[in-house]
Every structure is written in C-alpha cells, then in structure tokens.
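The structure appears below as structure tokens.
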Amino acid sequence: MTSDGDDQTVSHAGSLLVAETADRLGLTGALSGGLACLRQRRAGHDPGRVIRDLAVMLADGGDALCDLRALRDQPVLFGRVASDSTAWRVIDDVCERGLLDALRAARATARERAFGLGARPAGPLVINIDATLITAHSDKDGTGGTYKGGFGFHPLLAYLDCPDGEAGGMALAGRLRPGNAGANDARDHIAVLADALEQLPREIVETETILMRTDSAGLTHELLDFCRDGRIGFSVGFDLTEPVRRAILALPETAWTAALNADGEPRENGQVAELTDRLALTGWPDGARVIVRRERPHPGAQLSFSDHDGHRFQAILTDQTDPHTAALERRHRARARVEDRIRAAKDCGL
C-alpha cells in the first residue's frame, strides 16, 4: 500500500471488512429488525446500525464509547456514524427495555448463515466454558472484590472451538458477573451453556454430537445432569481428592501409556491412565470415566506436598466412549485455546 498524501487517503480501512461482513451475513439487518421499536423517526440513526458500529469499534481496538469517533471521522468508509450520546441512548434503551434477547437472536441468525457458507468448524462441535477477571478502576454497577484481591468483574464465557481456523474459536455467550461470583456456580454454567446452544443452528443442536469442556469449576452434578438431559457430552476437570490420589498411587506402572502432543504424537514427558474401575463414581452420570495424566514439572517449577515421586497429576471426568485414553486426555487439554480467545477478547474491549 502506498500513499501520496492526498485527500483520498484513509485510515482504519481494514475495519470496513468487519462492517461489510456483518452486512452481508445479515447481522446488521437482523439487529435493525430486532431493535426496530427503538427507532423514533425515520431520519434518525438505525439502532441496529449503531450496535454494528459499536462492535466494529471494539474489533478495531476501541475500549470506550468515545472511541466511536475513529469511525465517525471516516465517513467515506462508514457513512453516517452516531454521536456518542446517541450511541449511549441506544445501549441504555436496550438494557432498560430488556432487548438483549433481540441481540442474541440477531447473532444466531448471522451465525447460521455463516455456517451455511462454510464457516462451521470441521468435526464434532466443542463448546469451551471458562471464567476470567476484569479489573474495574471505579465502583461500577455490578462489580465486586475478586479472589485475587482485586476489584471488578468475573464473567463466565462460552466459545465454540475452531481448531481448523485461524481465529481458533467463536464467541457464543457470556454472563457478566460481579468479581466475587463463585467460580463453580452451577446455575451460571448452565445459563451460559444454554445461551451458547441457542447460538447454534437448531438442526445441529438436535441431531449432532456436541461436547462441553471446562475446568474443575464445572464439576457439579447439576451441570453434568443438564448435559446428560440435553444429550451433550462433557469433559471437565476432576478434583484430586484423597481417594483419587490413593487410586493413582496404586496404579501399576504398566497401566500408564504415553500422553499425546497437539499433533497426536507421543509426548516425551507425560503418561495417561484410567482410574474409572478404582473409584466410586456414584452420583455422577452413568458411563462417566476418570482419566489421569502425570508429568514431571519443567526445571525450576515449585513442587507441592501433593506431588509424588516428582510427578504432577491432573484428572478429568468425561462420558466419551473412545477407548483411547490418551486421545481423550489430549482432546481435553485442547480447551486451553479458550484462554487465548479470552485474551484476544480483552484486547478488543472486553
């Protein structure tokens, strides 16, 4: 790209691709239809277009409503962009009139069309759920103290895993919670998972295999029973309780097989074994299995009293029927991609 400095030079040109994608997938139109009740006069700004512009602003790196001026200063690219006060009124009206469901429905409509055009991830669908902390520097509505001694929010988020795509995942749903919200609140996990399922085409939810992955914060009977009732598979972190530790230490050396790396090849450091027959899993869904991985910490890592013979252990609970335990453990470990997606979302205004 070259520029001769004339009046045809523009900045933020890449953001136009985001806006045009929203338009062509029908997101802008669906937002306009869902928020039509907010439009007071025909000559005024379309509320759906305002929401689209706010999303483009966030994707462009903005983190405050006033950053909308970056789009407003480029009318050649983005046309008429609402003022900060108008955009604020739209946000306020959406909240006051309870129109968040209209926004969710618009996103689901656009995602269904994107899937039809080839944006759907290959293979069985996997929904990753994870929480994160967001610092607030003032006493905003809905904030609270965090378990790390900070102050802010503790949202719970759900992403569709996209291992074959450059983005790595699609944001499906989220719940904004105060900083002191419990990490293992079953109601929050169920609500986020239900919202995430609503973002997928109904035919897929009703007919195809879907797996829910999360860490040990999702290890609750209520969440796993919800998955079982909805024919959703699960793979969650399992607590290393004393019975689990005893079962691990009682395993013969021949029970361990090599763990797999991301490419499916055996790892030099790491072994996997199944503990299902050595534990009482009463109360968990039928067919639940416990798989444990052991590995030696990297040089310089601090060992804990619970580590044994220089090994660290991690366990998962899953209802997948694949006989290859190493493959199941590798599949669960891939949920770490959601942390990258959350990190990217924070760079885009989360």
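Pairs please, first residue from region 325-342 and on the phi < 0 side of the Ramachandran plot, second anywhere and among the basic types (Lys, Arg) and at pLDDT 90 or above, Cβ atoms under 7 Å, 6+ apart in sequence or on different chains.
Between residues of region 325-342 that are on the phi < 0 side of the Ramachandran plot and residues that are among the basic types (Lys, Arg) and at pLDDT 90 or above, the close pairs are GLU329/ARG293; HIS332/ARG213; ARG335/ARG213.
This table checks each residue for (1) modelled with pLDDT of 90 or more; (2) more than 18 Å from the chain's Cα centre (by Cα); (3) within 30 Å of ALA262 (Cβ to Cβ).
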position: LEU100; (1), (2), (3): yes, yes, no
position: THR109; (1), (2), (3): yes, yes, no
position: ALA122; (1), (2), (3): no, no, yes
position: LEU125; (1), (2), (3): yes, no, yes
position: PHE151; (1), (2), (3): yes, yes, no
position: GLU166; (1), (2), (3): no, no, yes
position: GLY169; (1), (2), (3): no, no, yes
position: ASN180; (1), (2), (3): yes, yes, no
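Of the numbered conditions (1) within 26 Å of the chain's Cα centre (by Cα); (2) surrounded by 14 or more Cβ atoms within 10 Å (Cβ to Cβ), LEU77 fails exactly one; give the number of that condition.
Answer for LEU77: the failing condition is (1).
Here's a check for you: in region 231-250, which residue that is part of a loop (DSSP other than H, G, I, E, B), surrounded by fewer than 16 Cβ atoms within 10 Å (Cβ to Cβ) and out of contact with any helix residue (DSSP H, G or I) (no Cβ under 6 Å at 6 or more places or on another chain) is modelled with the highest pLDDT?
Top of the filtered list is ARG231.
Inside region 46-82, can you point out the residues that are over 12 Å from ALA19 (Cβ atoms), outside any helix (DSSP H, G or I) and modelled with pLDDT under 90?
Within region 46-82, GLY61, GLY62, ASP63, ALA64, ASP73 meet the criteria.
Residues to consider are LEU260, LEU211, LEU172, LEU223; find the one that is of a type in the set (A, V, I, L, M), within 25 Å of THR321 (Cα to Cα) and without any contact (Cβ under 8 Å) to a residue 60 or more places away in the chain.
LEU223
Restricting attention to strands (runs of 3 or more DSSP E) lying wholly within region 131-190, give those where 1 or more residues are over 30 Å from ILE210 (Cβ atoms).
Counting at least 1 such residues, we get 151-153.
Can you tell me which residue among GLY174, GLY168 is touching a helix residue (DSSP H, G or I) at 6+ places or on another chain (Cβ under 6 Å) and not assigned by TED's automatic domain parsing to the domain that holds ASP23?
GLY168
Return only the number of the condition from (1) part of a strand (DSSP E or B); (2) at positive phi; (3) among the charged types (D, E, K, R) that GLU268 does not satisfy.
(2) is the only condition that GLU268 fails.
Can you tell me which residue among ASP84, ASP130, ASP93, ASP139 is more than 26 Å from ASP60 (Cβ to Cβ) and among the acidic types (Asp, Glu)?
After ruling out the rest, the residue left standing is ASP139.
The values are calculated or read from the model by the stated rules, or taken from the named source; none is laboratory data. Every value quoted in this text rests on a predicted model; they were computed, and no experiment measured them. As a convention, Cβ positions derive from the backbone with ideal geometry for all residues, glycine included, and neighbour counts pool all protein chains shown.
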